[in-house]
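Step one of this worksheet: look at the structure below.
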Ligand SMILES: [Zn+2]
């Protein structure tokens, strides 16, 4: 199988093909791959193999892999995002766990007993203009606001991992109806943002399925502003579209797919494990393709890749200035019942560290989305 750690070969291939894509790679990214080495004393060899050894290999080979670890470092010069890959880290102590689906089932059942979000009209506040109601979701004001306009999209179903295509479409429609309603109420609020934190590891405080809806004014949220800036600076420098080039590069690396005008990329500089970008030139609420892709990617995440907790964000252009695509980002936040946290000081103040191979994610997606 392809691996991101075969980076040097992939880059050499692009260079040999003399294609425009090789230039794009170096226009967008700084990158290198190298080996980190160590010497394991005789007395620690057994333990080291237990902690990090690849069980499918003879122990001498598994040990050699621990002693010589291939590292890939990728930095996006425009957005400032950077990731260090080391596939061995996935096996570090405390991270290899068995399937905890029974525990997850119990958590969902237990929390349903006294859940405010199961009765949103009784037990959540509403916005000054009331609520926006969809067939499978309803809005509520956020009791502890992130910002001036900060509300919740509460799904009808308690279990956030249980949704079908129609429900996802309805969540997206209701969210965009709420953005429009806020804009009608006060047109100085023009920067919409949606973020769905699914289950505790992603930052959610309630199990019941819900997303955060925000509209802000004057300037966008910091990371969305960075993205606008990156795209504008790239255009100024190369007179080319940043998102198109990003897609061409991922496609040439075998890490992209599309449905209609919606592009799907498994990010080579992910913020954390399995990050997927969905790029839609159209507002997702008016794009059946975007809705279908979001649904399929999430189902592949949960049903095939075993994701239990994730963040999904829709980074939107300003309302009435849609000269910028909608970027939907989805990232795995780790298993719910492990003590380890997926992000540490490296992610906050250094670069993201990723252990899962984007090619593994792409393989799962490609098999799941066979119709693409
Ligand atoms: Zn509930």
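The values are calculated or read from the model by the stated rules, or taken from the named source; none is laboratory data. Small disclaimer: the values here were computed from a predicted structure and weren't measured. Reconstructed Cβ throughout: ideal geometry from the backbone, glycine too, with neighbour counts over all protein chains shown.
Please give the number of the condition residue 128 fails out of (1) in contact (Cβ under 8 Å) with a residue 40 or more places away in the chain; (2) surrounded by 12 or more Cβ atoms within 10 Å (Cβ to Cβ).
With (1) in contact (Cβ under 8 Å) with a residue 40 or more places away in the chain; (2) surrounded by 12 or more Cβ atoms within 10 Å (Cβ to Cβ) applied to residue 128, the lone miss is (2).
Which condition number does residue 274 fail, the rest of (1) touching a helix residue (DSSP H, G or I) at 6+ places or on another chain (Cβ under 6 Å); (2) on the phi < 0 side of the Ramachandran plot being met?
So residue 274 meets the others, but not (2).
Looking at the structure I just gave you, is residue 160 touching a residue at least 12 places away in the same chain (Cβ under 8 Å), within 16 Å of the ligand (Cβ to nearest atom) and either within 21 Å of the chain's Cα centre (by Cα) or assigned by TED's automatic domain parsing to the domain that holds residue 228 (or both)? Write out each step before concluding.
Details: touching a residue at least 12 places away in the same chain (Cβ under 8 Å): yes; within 16 Å of the ligand (Cβ to nearest atom): yes; either within 21 Å of the chain's Cα centre (by Cα) or assigned by TED's automatic domain parsing to the domain that holds residue 228 (or both): yes.
Yes: the conditions hold for residue 160.
Output the strands (runs of 3 or more DSSP E) that fall wholly within the stretch 171-263 and possess 3 or more residues being closer than 30 Å to residue 19 by Cβ, or say none.
The strands (runs of 3 or more DSSP E) meeting that bar are 256-259.
Residues 255, 213: which one is surrounded by 18 or more Cβ atoms within 10 Å (Cβ to Cβ), more than 30 Å from residue 132 (Cβ to Cβ) and under 18 Å from the mean Cα position of the chain (by Cα)?
255
Look through 262, 215 and report the one residue that is in contact with a strand residue (DSSP E or B) (Cβ under 6 Å, 6 or more places away or on another chain) and under 24 Å from residue 187 (Cα atoms).
Step by step, each of 262, 215 is checked, and only 215 is in contact with a strand residue (DSSP E or B) (Cβ under 6 Å, 6 or more places away or on another chain) and under 24 Å from residue 187 (Cα atoms).
Name the pairs whose Cβ atoms lie under 6 Å apart, with the first residue in the stretch 96-121 and near the ligand (Cβ under 9 Å from one of its atoms), the second modelled with pLDDT of 95 or more and in a helix (DSSP H, G or I), and 6 or more positions between them or separate chains?
116/123
Considering only residues of the stretch 186-207 that are in contact with a helix residue (DSSP H, G or I) (Cβ under 8 Å, 6 or more places away or on another chain) and more than 16 Å from the ligand (Cβ to nearest atom), which is nearest to residue 163 (Cα to Cα)?
194
Name the residues in the stretch 284-312 that are assigned to a loop (DSSP other than H, G, I, E, B), in contact (Cβ under 8 Å) with a residue 40 or more places away in the chain and surrounded by fewer than 23 Cβ atoms within 10 Å (Cβ to Cβ), would you?
305, 306, 309
Residues 342, 332: which one is crowded, with 18+ Cβ neighbours inside 10 Å, more than 24 Å from residue 174 (Cα to Cα), at pLDDT 95 or above and under 16 Å from the mean Cα position of the chain (by Cα)?
None of the others qualify; the one that does is 332.
How many residues, within the stretch 313-368, are more than 20 Å from residue 3 (Cα to Cα) and in a loop (DSSP other than H, G, I, E, B)?
Number satisfying all stated conditions: 24.
Any idea which of 358, 281, 325, 318 is without any contact (Cβ under 8 Å) to a residue 60 or more places away in the chain and within 19 Å of residue 243 (Cα to Cα)?
Sole residue among the options that is without any contact (Cβ under 8 Å) to a residue 60 or more places away in the chain and within 19 Å of residue 243 (Cα to Cα): 281.
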